[in-house]
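A short worksheet on the structure shown next.
Coordinate-derived values only; no laboratory data. Since the structure is predicted, the reported quantities are computational estimates derived from the model, not experimental observations. For neighbour counting, all protein chains shown are included, and Cβ atoms are generated from backbone atoms with ideal geometry for every residue, glycine included.
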Amino acid sequence: MGVSIEVNNLNAWYGTNHTLQDITLHIPANEATALIGPSGCGKSTFVRCLNRMHETNPIAKVTGEVRVGGLDIYSETSAVEVRRRIGMVFQRPNPFPTMSIYDNVASGLRLNGYRNRRTLDEVVERSLKQSALWDEVKDELKKKSGASLSGGQQQRLCIARALAVDPEVLLMDEPASALDPVSTAKIEDLIFQLKSQYTIVIVTHNMQQAARVAERTGFFLNGRLVEFDSTHKIFTNPGDKRTEDYITGRFG
Amino acid sequence: MASGLAVLATILVIAPLVAIFIDLVYKGASSLNLNFFTKLPAPVGENGGGMANAIVGSAVLLTLASAIGVPIGIAAGIYLSEYGRGTKLSNVVRFTADVLNGVPSIVMGIAVYALIVVPEKSFSAFAGGVVLGIMMVPTVARTTEEMLLMVPHSIREAALGLGVPAWRSVLSITLRTAMPGVITGCMLAFARVAGETAPLLFTALGNDFWSTSLRQPIEALPLQIYVYALGAYDEWHRLAWAGSLVLIALIVVSVSLVRYVTTRGVLKGAA
Amino acid sequence: MILRIQEPRTPKPADDEPIGGLVPVVVSPQASTVRTFLVSRGSSSIADSTFRWLMLLCALSIFAIVALIATELVTHSQITLAKFGWKFFLGSAWDPVNANFGALPFVYGTLVSSILALILAVPLAIGVAVFLTEMCPRALRGFLSFMTELLAAIPSVVYGLWAIFVLVPLLREHVDPLLIRLLGWTGLFAPPDFGIGMFAAGVILAIMILPIISSLTREVMTAVPHSQREAVLALGATRWEMIRMGVLRNARIGIVGSIILGLGRALGETMAVAMVIGSSPTISKSLLAPAATMASVIANEFAEASDDTYRSALIEIALALFLVTIVVNMFARLLVWAVTRGTPARVA
Ligand SMILES: Nc1ncnc2c1ncn2[C@@H]1O[C@H](COP(=O)(O)OP(=O)(O)OP(=O)(O)O)[C@@H](O)[C@H]1O
Ligand SMILES: [Mg+2]
């Protein structure tokens with residue numbers, strides 16, 4: 001089941017570029033939360049701070065507190081353990097090119113040392129069903145390479161891979177931006193299904209998408225969180241002029 | 001006019017090269033037969049000998065060399081591409097590797113002679129394997145680095161994002177994705193040292209008889225070619241050409257493979 | 001930005017019509033097994049740092065190799081280092097019987113054979129590189145650069161074999177007589193001529209370093225930005241002027257670098273030279289006379305060096321060769337890097 005995320009005074013840098021400034025917000029459990037904002041405002045940086053991927057960049061720095069399910073991920077645990085609890089789906093599909101579909105989905109468990117074949121089979125099947133890919137690939141699971149799928153299928157494969165480790169949170173950084181409308185619709189439906197069990201944070205440039213899938217929406221601008229509220233409120237009656245300008249397409 | 005000169009230069013260069021290949025294939029192939037691979041050298045003046053002991057000796061030497069050069073080289077390449085990217089230290093290591101590549105192989109041979117043969121008071125296959133292994137390190141390290149750099153960053157992120165420990169991600173994802181390239185890079189280094197003669201002169205020494213012991217002197221294909229080329233018998237010359245053809249075949253295969261992997265992009269699927 | 005006009009909808013109930021074969025999600029009992037397992041795995045920080053240190057250690061082993069070579073060579077050449085000092089490289093007497101060693105003939109042989117090789121190889125190599133980058137049809141280019149790579153990988157001993165049986169007879173029968181007739185007056189090409197000797201060594205070295213120089217030259221020429229060529233062409237230059245001013249001039253540092261790299265290779269090349277140079281520790285004016293280089297004397301004499309002083313003298317020559325090739329290679333690499341990867345300052 002999903003857990004809530006508590007962010008307090010989060011600051012992040014790339015070198016001397018102060019990318020995120022004093023972000024504080026509460027992301028509730030088992031809901032989808034959308035993050036919107038113009039390009040370069042720090043949305044990706046923010047989600048990467050939630051599973052400590054930010055620090056994989058040698059010039060990156062971060063301060064502040066992030067509590068996932070009450071646990072401070074920066075002081076009370078290790079990066080590896082945090083990432084096992086928080087799945088991530090990236091903007092561009094990135095299946096492991098040398099692995100079959102099956103191996104891709106099983107990779108999170110296998111690479112962490114899990115060996116039980118029967119459980120792996122079940123987990124792979126469940127994850128692929130959850131990500132609505134099962135019917136399309138079930139006949140050539142171990143024959144076909146992950147890289148040979150279409151873009152939309154690859155992205156759903158990446159979602160399956162993230163789900164296979166049974167995470168509590170799913171971070172999605174523009175998961176549909178490289179996809180056609182049909183694949184996008186599939187992914188949105190997926191998010192819809194998944195949010196009863198996982199806490200989902202989704203970055204998107206598509207405001208309809210935010211409106212369609214998310215209970216809550218945060219608006220970022222120049223490294224700051226301008227407004228964070230229920231999606232309904234943000235899109236019908238935003239509290240900040242800048243949010244309104246952005247939503248109505250007057251800038252960005 | 002100037003273009004004419006450039007074309008002429010190219011022809012002038014290609015001519016001897018084509019000549020070398022034709023001579024090799026012509027003189028080598030006519031002497032390659034089963035005996036070459038199965039028989040010991042015939043007594044001086046007799047026909048029908050082979051280079052079996054030299055082939056086995058080269059195999060022993062190259063196995064030891066690879067056991068030393070490949071893991072160290074790959075590990076160094078991993079450091080350069082995965083941990084030290086852009087740091088001063090890795091620039092210096094990379095630079096030193098390139099410079100080490102330019103150190104004459106005979107100098108390497110003398111150094112290992114001083115390091116191993118002198119204290120052991122005996123020439124040995126072990127010393128020969130060590131010097132060839134050392135010579136493989138910089139080449140393997142640099143090609144491994146190059147191949148790992150071709151692996152897209154997004155794949156590393158995918159692995160780390162799953163909570164896979166860094167070491168596991170490097171070995172099972174990054175290195176594995178680049179594996180075709182790394183293997184052919186190792187093959188190239190292997191083929192290069194397979195033809196090295198100078199460093200073996202005072203380490204492996206050469207041996208007219210069967211030997212697979214690491215503590216004894218051992219024969220090697222290039223050493224045998226050297227001795228036979230300078231010898232006075234037609235039969236020896238014939239064997240020298242045949243031996244050269246075998247070495248060249250090994251090199252043609254590995255150079256072609258490297259080219260295939262880097263240009264046709266076996267790694268392209270990863271992009 | 002708005003691609004699909006659609007009303008924001010409220011979360012639909014789970015039994016809504018699924019799209020694209022979406023199945024209702026069930027939490028499987030395995031889920032918790034998996035989670036328990038992963039939680040039990042720990043941070044593996046010890047494995048990570050061990051691995052990192054191991055990789056670092058292997059990278060550092062490259063320094064260790066260089067240091068090891070240097071110390072071994074220095075400690076094993078103590079006898080002659082102490083006995084002759086710097087004069088070792090100035091004395092021209094190489095007399096193992098009386099333990100009197102001067103390495104000048106070998107230094108001379110190394111320099112002359114390498115310079116000879118450069119004189120023969122550089123114009124050809126640049127010609128080939130120009131041909132390959134600027135005018136060669138695409139299909140042929142691939143084949144030619146493949147040939148170049150192949151040639152760079154052929155073992156020295158095979159070049160030596162070819163030189164003994166093909167090149168040397170060719171020189172002796174056809175080329176040397178011509179040279180003696182045309183250039184005999186300079187004294188550089190004087191009989192007696194055995195075919196083997198300094199000139200033959202220079203020619204085989206030239207053939208061996210040609211692929212190295214031309215492929216590196218090609219690399220730096222390709223690195224010259226297209227705008228440079230176009231700028232020269234825009235001034236109304238002919239194609240040849242464009243190559244000379246737009247390409248060669250901009251690539252000249254890199255070309256010098258690749259020539260020096262070829263020099264480094266020629267200085268240390270052993271087997272092919274040892275097989276055709278004739279092994280004579282003498283300095284002769286005629287290039288047709290037998291001679292010896294630093295590398296060839298080690299190859300030819302080390303096995304028979306019976307006493308410690310003799311061996312020490314040869315190891316000292318190896319030490320000198322090591323230092324010279326290190327310096328030459330460093331210099332060349334810096335020049336080539338300057339062109340192909342930006343400033344060398346960061347490298348050094
Ligand atoms: N790897 C990096 N190195 C240096 N600076 C970076 C890096 N990645 C991002 N930045 C900088 O950090 C800032 C925020 O980038 P980020 O990727 O978080 O924006 P974003 O909101 O996700 O934009 P987009 O919508 O285009 O994906 C930008 O100014 C960007 O230039
Ligand atoms: Mg982004």
**Asked** If you count, for every residue in B:192-199, the Cβ atoms of partner chains within 10 Å of its Cβ, what is the mean?
**Response** 5
**Item:** For peptides B:157-168, B:19-30, B:109-120, C:69-80, sequence by mean Cβ density within 10 Å, most packed first
**Value:** B:157-168, B:109-120, C:69-80, B:19-30
**Dipole magnitude of chain B about its Cα centre (Cβ charges: Lys, Arg +1; Asp, Glu -1), debye to nearest 20** = 800 debye
**Message:** Counting only other chains, and only Cβ atoms inside 10 Å, what mean value do you get across the residues of C:119-132?
**Reply:** 4
**Asked** If one computes the Cα centroid of the range A:47-72 and of the range A:149-203, what distance in Å separates the two points?
**Response** 21 Å
**Fill in**
Here the tail fraction of P(r) beyond 38 Å, over all Cα-Cα pairs of the protein assembly as shown, rounds in percent to 53 percent
**Sequence of A:Lys233, C:Lys285 once ranked by neighbouring C-beta atoms within 10 Å, starting from the fewest** = C:Lys285, A:Lys233
**Request:** Determine, for each peptide in C:271-278, A:96-103, the mean count of other beta carbons within 10 angstrom over its residues, then list the peptides with the highest first.
**Result:** C:271-278, A:96-103
**Complete:** Surrounding charge for C:Leu167, neighbours by C-beta under 12 angstrom, Lys/Arg +1, Asp/Glu -1, total -2
**Asked** Order of C:104-117, C:42-55 by packing, highest average Cβ count within 10 Å first?
**Response** C:104-117, C:42-55
**Asked** Put +1 on the Cβ of each Lys and Arg and -1 on the Cβ of each Asp and Glu in the protein assembly as shown; which of B:Ile22, C:Gly187, A:Gly151 then has its Cα farthest toward the positive end of the dipole?
**Response** A:Gly151
**Fill in**
Expressed in angstrom and rounded, the centroid-to-centroid distance over alpha carbons for the range B:48-95 and the range B:174-234 is 13 Å
**Prompt:** Extension gain A:Met1-A:Ser75, at 0.36 nm per residue separation less the Cα-Cα distance, in nm?
**Reply:** 24.3 nm
**Prompt:** When the dipole is taken about the Cα centre of the protein assembly as shown, and only Lys, Arg (+1) and Asp, Glu (-1) are charged at their Cβ, what size is it in debye, to the nearest 20?
**Reply:** 1000 debye
**Prompt:** About the Cα centre of the range C:85-183, what is the dipole size in debye to 20, counting +1 per Lys and Arg Cβ and -1 per Asp and Glu Cβ, all else neutral?
**Reply:** 100 debye
**Prompt:** Going by how many other Cβ atoms sit within 10 Å of their own, how do A:Leu171, C:Leu335, C:Leu323 line up, fewest first?
**Reply:** C:Leu323, C:Leu335, A:Leu171
**Complete:** Summing -39500 (n - 2.57) over every DSSP H run of at least 4 in chain C, dividing by its residue total and rounding to the nearest 500, the 222 nm mean residue ellipticity is -20000 deg cm²/dmol
**Among B:Ala178, B:Val130, B:Asn101 - extreme Cα towards positive end, dipole of chain B, charges at beta-carbon** = B:Ala178
**Request:** Taking the Cβ of B:Asn33 as the centre, find all other residues whose Cβ is under 11 Å away and add up their charges (Lys, Arg: +1; Asp, Glu: -1).
**Result:** +2
**Fill in**
Mean per-residue count of partner chain Cβ within 10 Å for C:312-319 equals 3
**Asked** Counting other C-beta atoms within 10 Å, which of C:Ile196, C:Ile260, C:Ile119 has the fewest, and how do the rest follow?
**Response** C:Ile119, C:Ile260, C:Ile196
**Rounded to 10°, Cα long-axis angle of helix B:2-29 versus longest principal axis of chain B** = 60 degrees
**Proximal charge balance of C:Phe331 [Cβ under 14 Å; K/R count +1, D/E count -1]** = +1
**Request:** Give me the percent of DSSP beta bridges within chain A that run antiparallel, rounded to the nearest 5.
**Result:** 60 percent
